[in-house]
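Just below is one structure, and these are the notes that go with it.
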Amino acid sequence: FAAAQNEAGSQYMLAIIYEQGLGVDKDPKRARHYYYLACKNGYKKSCTHANAN
């Protein structure tokens, strides 16, 4: 998967999928993890979500 290869855009999309429960059970913890990875890999839009409490 692209997300496993540090592709920030894919990590961001996975975060949205888990956050909203699109085809999967909602998983806020997993969503935050992917937001964090996307932020770390340069996808600035995800940084706000990654740092949310």
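Evaluate the relative contact order of the stretch 3-50 (contact order divided by residue number), counting alpha-carbon pairs under 8 angstrom at least 6 apart; express in whole percent. Before the final figure, lay out each step's value.
Numbers: 72 pairs, mean separation 17.3, N = 48.
This gives 36 percent for the stretch 3-50.
So what are the chain's ellipsoid semi-axes, whole angstrom, largest first, if each one is the square root of 5 times an eigenvalue of the alpha-carbon gyration tensor? Don't skip to the end; give the middle numbers.
Values: eigenvalues 50, 35, 11 Å².
Here the semi-axes work out to 16, 13, 7 Å.
Note the full-extension length gain between LYS26 and ASN6 as 0.36 nm times their separation in residues minus their Cα-Cα distance, in nm to one decimal.
Working: separation 20, 0.36 × 20 = 7.20 nm, distance 2.24 nm.
The LYS26-ASN6 span can extend by a further 5.0 nm.
What net charge do the residues around CYS47 carry, taking every other residue with its C-beta under 14 Å from that of CYS47, with Lys and Arg at +1 and Asp and Glu at -1? Don't jump to the answer; show the numbers that get you there.
Working: positive: ARG32, LYS40, LYS44, LYS45; negative: none.
In short, +4.
The numbers here are math on the coordinates, done by the rules we state, and not lab data. This structure is a prediction, so every number in the text was calculated from the model and none was measured. Here the Cβ is made from the backbone with ideal geometry for all residues, glycine too, and neighbour counts use every protein chain on show.
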